[in-house]
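See below for the structure under consideration.
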Amino acid sequence: MNNFLYLLLFWSIAVTANENHVFDIRTKFSMKNIFCAIEHNDVIGVDNRVSAASGRGFGNGSVNSLLVLKNGENTVTITVAALDWFNLESKGTNKDIDFNSESNCSLNISKFNRNDGSMNPIIKFEVKINKDGVPKAYVNGKLDNILEKKVETIEYSAGIIKNKIYDIDFSEFPHEMKVYKFSKKISINGVPDWNWDKASEFNNSEEQLIRLKKEYLIRWELYNSKNINKIKELMMPALSNWSLATGSETNDIFNSYGLEGIFNSKSFSMHPIDWDNFEVKVMNDGKLVKMVYKDDPSFSPLTMNYFDEDDDESVEAFSPIFSLINNEWIEVL
C-alpha cells in the first residue's frame, strides 16, 4: 500500500455519510520529546520515527482506527523509547539512554458520529516519565500498574546485502534500541462485520507461508505487466472495507493509488523479490498478515522504482494485508 493509502486507511480525510455505518473510532494523539508508536490490535496507526530521527520527537494529530478494530475486546498499544537512541553520538556508550523528564505520549480514543459530529470518549491513555526516569502508563488520568507492560530490545537486521531496496538511514532504525510497550484492553461495539474477523489464524506453517508468497508473486507479475484491471479485482475485498470505514467510493480509493501515473512513468520497474530480505508480520491474533522488509517494515515485496513527475528517481512500496478466509489468502486491507 502506498503512503497516500496508508494515510487514507487511518486518517479518513473528507469522510462522507454512509447509510450502512455512521461512526468512526478516532484516536487523537500527542507526542513530545520521545519516540512513540501507536498500534491498534498490533497494526501500527502512527509513529513519529522521522521526527525522532531529526532529534525532535514530536507528533500531533488524529487517526481513524475503525478499520482494524472489531466488536468486543481490542488492544491498544503505546511503544516508547528515549529520543537519544536516534542520536548517533549516543551509540556505543554501553549504558541505558535516559528519557527526557518531560517526555510523554498520549492518546484519546473516542467514537465520532458522522451524522451529528458528536464525540463519545472511550479511553485516555498516556505514558509519562516518573521521577526515577522510568516510563509509566496512566489510564483516564490515573496510574495503571495492572495493564500489560513489556520491555524489549529492538534489533533490525542490518545484514541485507543482496538485492537491497535502498540504503537504509540507520539513524531512523537504531540497533538494540530499548523500548517500553504498554497495552490496554478496550471494548467496542457496533463495528462492521469485517471479512478479516472471520479469518483462520496464521500458524506460520510451511504450507501457509508458501501460499502467502504465491499471492505476492501473483501481484508482482500483475504490477510488472501493468495489469490495472486485475490488480483492482484482487483488491476489491480491501477496497470494500476501506469504503465502509471511510465513506468513500471504491473507485475513488483505488484511483488514489496513482497506479496509472506510476506505470506510465519513465523507467518503471519492479524490484526483484529476495525472500531472505523479508519476514512475516502477524497482527490481530493471527487474522491479519503481511510481509515486511527486514531493515524497514514500511516496505514490502511489492516494491517498484520509477521517475516521478519532477523527474526524480522514486521508490514506492505497496503493502497489502492478507487474511486466510475459507482457506484462501484474501487481500483485506
Original post:
Has the stretch 307-317 got at least one residue that is touching a residue at least 60 places away in the same chain (Cβ under 8 Å), closer than 26 Å to residue 41 by Cβ, assigned to a strand (DSSP E or B) and in the same structural domain as residue 201 (by TED's automatic domain parsing)?
Top reply: yes
**OP:** Please name all residue pairs, on different chains or six or more residues apart, with Cβ atoms under 6 Å, provided the first residue is in the stretch 170-181 and is among the hydroxyl-bearing types (Ser, Thr, Tyr) and the second residue is part of a strand (DSSP E or B) and modelled with pLDDT of 90 or more.
**Re:** 180/80; 180/135; 180/151
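Going by the structure shown, is residue 250 at negative phi and under 20 Å from the mean Cα position of the chain (by Cα)?
Criteria not met by residue 250.
Results for (1) surrounded by fewer than 22 Cβ atoms within 10 Å (Cβ to Cβ); (2) of a type in the set (Asp, Glu); (3) farther than 25 Å from residue 236 by Cα; (4) modelled with pLDDT of 95 or more, shown as yes or no for each residue.
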position: 285; (1), (2), (3), (4): yes, yes, no, no
position: 288; (1), (2), (3), (4): no, no, no, yes
position: 291; (1), (2), (3), (4): no, no, no, yes
position: 294; (1), (2), (3), (4): yes, no, yes, no
position: 298; (1), (2), (3), (4): yes, no, no, no
position: 309; (1), (2), (3), (4): yes, yes, yes, no
position: 313; (1), (2), (3), (4): yes, yes, yes, no
position: 317; (1), (2), (3), (4): yes, no, no, no
position: 322; (1), (2), (3), (4): no, no, no, yes
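Taking into account only those residues within the stretch 287-306 that are assigned to a loop (DSSP other than H, G, I, E, B) and among the basic types (Lys, Arg), which is nearest to residue 197 (Cα to Cα)? Give the steps one after another, and end with the answer.
Here is the first cut: in the stretch 287-306, the residues assigned to a loop (DSSP other than H, G, I, E, B) are 287, 294-301.
Adding the requirement that they be among the basic types (Lys, Arg) leaves 287, 294.
Details: 287: 7, 294: 27 Å.
Looking at the filtered set, the residue picked out is 287.
Being basic (Lys, Arg) and surrounded by fewer than 17 Cβ atoms within 10 Å (Cβ to Cβ) is the filter here; which residues of the stretch 226-242 pass it? Walk me through how you get there before you give the answer.
Step one: list which residues in the stretch 226-242 are basic (Lys, Arg), which gives 226, 230, 232.
If the condition is that a residue be basic (Lys, Arg) and surrounded by fewer than 17 Cβ atoms within 10 Å (Cβ to Cβ), then 226, 230 are the ones that fit.
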Subject >> residue 194, sole failed condition from (1) touching a helix residue (DSSP H, G or I) at 6+ places or on another chain (Cβ under 9 Å); (2) without any contact (Cβ under 8 Å) to a residue 24 or more places away in the chain >> reply: (2)
**OP:** Kindly indicate which of 150, 111 is of a type outside the set (Val, Ile, Thr) and more than 14 Å from residue 28 (Cβ to Cβ).
**Re:** 150
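Those residues that are part of a loop (DSSP other than H, G, I, E, B), in contact with a strand residue (DSSP E or B) (Cβ under 7 Å, 6 or more places away or on another chain) and over 19 Å from residue 316 (Cβ atoms), I need them from the stretch 228-265; list them, please. Outline the logic, then answer.
At the first step, the residues of the stretch 228-265 found to be part of a loop (DSSP other than H, G, I, E, B) are 247-249, 256-258, 264-265.
Those still in the list that are in contact with a strand residue (DSSP E or B) (Cβ under 7 Å, 6 or more places away or on another chain) too: 247, 265.
247, the sole residue that qualifies.
Sort out which residues of the stretch 212-225 are in contact with a helix residue (DSSP H, G or I) (Cβ under 8 Å, 6 or more places away or on another chain) and surrounded by 15 or more Cβ atoms within 10 Å (Cβ to Cβ), and write them in order of number.
The answer is 213, 219, 222, 223.
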Original post:
Tally time: how many residues in the stretch 244-264 are surrounded by fewer than 19 Cβ atoms within 10 Å (Cβ to Cβ), more than 20 Å from residue 301 (Cα to Cα) and small (Gly, Ala, Ser)?
Top reply: 2
**OP:** Can you give me the number of residues within the stretch 25-58 that are out of contact with any Gly (no Cβ under 9 Å at 6 or more places or on another chain), within 28 Å of residue 116 (Cα to Cα) and at pLDDT below 95?
**Re:** 3
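The values are calculated or read from the model by the stated rules, or taken from the named source; none is laboratory data. Predicted, not measured: the structure shown is a model, and the values here were computed from it. Note: ideal-geometry Cβ built from the backbone for every residue, glycine included; neighbour counts use all protein chains shown.
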